[in-house]
Amino acid sequence: MPQNVPVKIGDQLFEREDGAAFGAVVAVHEHELLVEIEGVGQTVLPGASIRAVHDGKLIVNLSLLPAPLRASIEHAHDHEAR
């Protein structure tokens, strides 16, 4: 995670600035975050996977996550009506 940037419970997770949120922070630990991901449930994200933090948004570098978790995130909104 970027240093000296406050991350708060409830901050939302995004793959990119103009994308839809795919989850939110549940707990903050020194080097990782416990997050709730839509369609997945709770999981841990390593702090190193966070590219940017601002305005209640966390931009996540999905390429640093395990393939199964990346796939779940990429399909987090599949269940929503189009």
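Structure notes:
- Using a simple spin-label model with pseudo-atoms 7 Å out from Cα toward Cβ, Lys57 and Leu34 lie 2.7 nm apart.
- Shape call, segment 14-53: gyration tensor on alpha carbons, a/c limit 1.5: oblate
- Fraction of beta bridges assigned by DSSP in the chain that are antiparallel (%, nearest 5): 85 percent
- Sum of side-chain charges, Gln12 neighbourhood, beta-carbon under 15 Å (Lys, Arg +1; Asp, Glu -1): -3
- A simple spin-label model places the labels of Ala71 and Glu17 3.2 nm from each other, with each point 7 Å out along Cα-to-Cβ.
- Ratio Rg/Rh [Cα only; Rh per Kirkwood] for the chain: 0.93
- Neighbour cut-off at most 15 other Cβ (10 Å), DSSP loop, GluC sites (Glu not before Pro), segment 1-71: Glu17, Glu30
Every number in this text was worked out from the coordinates using simple rules, so none of it is lab data. Bear in mind the structure is a predicted one, so any value in this text is a computation, not a measurement. We place every Cβ from the backbone using ideal geometry, glycine too, and count neighbours over all the protein chains shown.
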